[in-house]
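Engineer: Before anything else, here's the structure in question.
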Amino acid sequence: MSIKQKILLRLERARGENISGQELAAELGVSRSAVWKAISGLRQEGYQIHSSTNRGYCLAGENDLLSPEGIRAALAPEFQGIKIHTYKELDSTNNEAKRLLPQYQDQILLLLADQQSQGRGRQGRSFFSPGGSGLYMSLLIHPRAELSGALSITTMASVAVARAIRRLSGREVQIKWVNDLYLEGKKICGILTEAISDFETATVQSLIIGIGVNIRTEDFPPELAGIGGSLQDESLSRNRLAAEIVNQLLPLAADLKDHSYLEDYRRFSLVLGKEIEYYIQGVPHPARALAIDEQGGLLVRSPEGEEITLSSGEISLRLAKKPLSS
């Protein structure tokens, strides 16, 4: 880690507080001149760093540039060793995770982009990913688990994101089964999980968990008008939100057999007790959402009284626009 990176990490950990140049120099074992040079370099990269005589340097609270140091400053101690890459722009963080997989087959990798040109969602849908306004990240993990166990990772990620948003912003978001998060009736987050499997052993070797959160996103394209929303939180740091999602998700992913997180999944549910339409190969089926089982499946009842359990797969779901006929 360079002197500049070490200083940025220290400033991120003390965000909003002053640190003297002398203190930084002593901690890092470098000269005051080296500290000043590193601070100048960070300012040239766009970091808002205030300085004053006898008080030192302070990273402005409104600074929201993505950086490994900014994320690492908020990671739990047990996750400090994960690899982190940030980018100005990518086609898709999930695509980049696939490209880097050969280099990180035994390491946890976190990727973030300021914007995506080809952000993706489930079933081939695109995810609107403009620069500077959202969190677009992918987490590469290696569960080496049976496929049936790995299927729960998307619901785990939904809960992790909801918990992270609540902890950092106080906002109560809801989960629309299985992987979309909503606030005040509009979608603010989508999750796309992709598996790399070993057919010989019938196990999932690696998982790429792609997460997109609209934080300050506005001016949605016409096809998303009235559908897409955002947290509209000017003070929420993307670095800290990414770190908190990792802090929440990795403990859940460490034990795929532990389904205790489903209590929150049900509590955050947008659909339980409501009339819905689920789609299989584009064909709509009306139903009422009754419960979420221990595998994350959705128990529904048809207008004829038949009860079935849906698993995600190729199924999509919407809230019904009008009540079911009795």
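The values are calculated or read from the model by the stated rules, or taken from the named source; none is laboratory data. As the structure is a prediction and not an experimental result, all values here were calculated from the model. Cβ sites come from the backbone with ideal geometry, for glycine too, and all protein chains shown count toward neighbours.
Engineer: Please work out which one of (1) closer than 21 Å to residue 154 by Cα; (2) part of a strand (DSSP E or B) is the condition residue 101 fails and give its number.
Structural biologist: Residue 101 satisfies every listed condition except (2).
Engineer: Could you say whether any residue in region 94-105 is within 22 Å of residue 253 (Cα to Cα) and aromatic (Phe, Trp, Tyr)?
Structural biologist: Yes: region 94-105 contains one or more residues that are within 22 Å of residue 253 (Cα to Cα) and aromatic (Phe, Trp, Tyr).
Engineer: Shifting gears a bit: I need every pair where a residue in region 199-219 that is at negative phi and of a type in the set (Val, Ile, Thr) has its Cβ under 7 Å from the Cβ of a residue that is in a loop (DSSP other than H, G, I, E, B) and surrounded by 22 or more Cβ atoms within 10 Å (Cβ to Cβ), sequence separation at least 6 or different chains.
Structural biologist: Hits for this filter: 215/231.
Engineer: Considering only residues that are within 29 Å of residue 234 (Cβ to Cβ) and either touching a Pro at 6+ places or on another chain (Cβ under 7 Å) or assigned to a loop (DSSP other than H, G, I, E, B) (or both), which ones fall in region 130-143?
Structural biologist: 130, 131, 132, 133
Engineer: While we're on this one: I'd like to check something: does region 115-129 contain any residue that is out of contact with any Cys (no Cβ under 6 Å at 6 or more places or on another chain), assigned to a helix (DSSP H, G or I) and either surrounded by 17 or more Cβ atoms within 10 Å (Cβ to Cβ) or of a type in the set (D, E, K, R) (or both)?
Structural biologist: For region 115-129, residues out of contact with any Cys (no Cβ under 6 Å at 6 or more places or on another chain), assigned to a helix (DSSP H, G or I) and either surrounded by 17 or more Cβ atoms within 10 Å (Cβ to Cβ) or of a type in the set (D, E, K, R) (or both): present.
Engineer: Of (1) over 30 Å from residue 17 (Cβ atoms); (2) out of contact with any Phe, Trp or Tyr (no Cβ under 8 Å at 6 or more places or on another chain); (3) polar (S, T, N, Q), residue 129 satisfies all except one. Which?
Structural biologist: For residue 129, the exception is condition (2).
This table checks each residue for (1) under 24 Å from the mean Cα position of the chain (by Cα); (2) part of a helix (DSSP H, G or I); (3) closer than 22 Å to residue 194 by Cα.
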| position | (1), (2), (3) |
| --- | --- |
| 251 | yes, yes, yes |
| 258 | yes, no, yes |
| 263 | yes, yes, no |
| 273 | no, no, no |
| 284 | no, no, no |
| 299 | no, no, no |
| 312 | yes, no, yes |
| 318 | yes, no, no |
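The rows are residues; the columns are (1) assigned by TED's automatic domain parsing to the domain that holds residue 24; (2) within 29 Å of residue 120 (Cα to Cα); (3) surrounded by fewer than 20 Cβ atoms within 10 Å (Cβ to Cβ).
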{"residue": "50", "(1), (2), (3)": "yes, no, yes"}
{"residue": "73", "(1), (2), (3)": "no, yes, no"}
{"residue": "79", "(1), (2), (3)": "no, yes, yes"}
{"residue": "87", "(1), (2), (3)": "no, yes, yes"}
{"residue": "91", "(1), (2), (3)": "no, yes, yes"}
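Engineer: Now for a different question. Would you confirm, using the coordinates I've provided, whether residue 134 is small (Gly, Ala, Ser), buried (at least 17 other Cβ atoms within 10 Å of the Cβ) and at pLDDT below 90?
Structural biologist: no
Engineer: Which is at negative phi and either exposed (fewer than 15 other Cβ atoms within 10 Å of the Cβ) or not in a helix (DSSP H, G or I) (or both), of 63, 54?
Structural biologist: Of the residues listed, the single one that is at negative phi and either exposed (fewer than 15 other Cβ atoms within 10 Å of the Cβ) or not in a helix (DSSP H, G or I) (or both) is 63.
Engineer: To continue, here is another question. Give me the residue from region 310-321 that is within 24 Å of residue 147 (Cβ to Cβ) and surrounded by 14 or more Cβ atoms within 10 Å (Cβ to Cβ) and, out of that set, modelled with the highest pLDDT.
Structural biologist: 310
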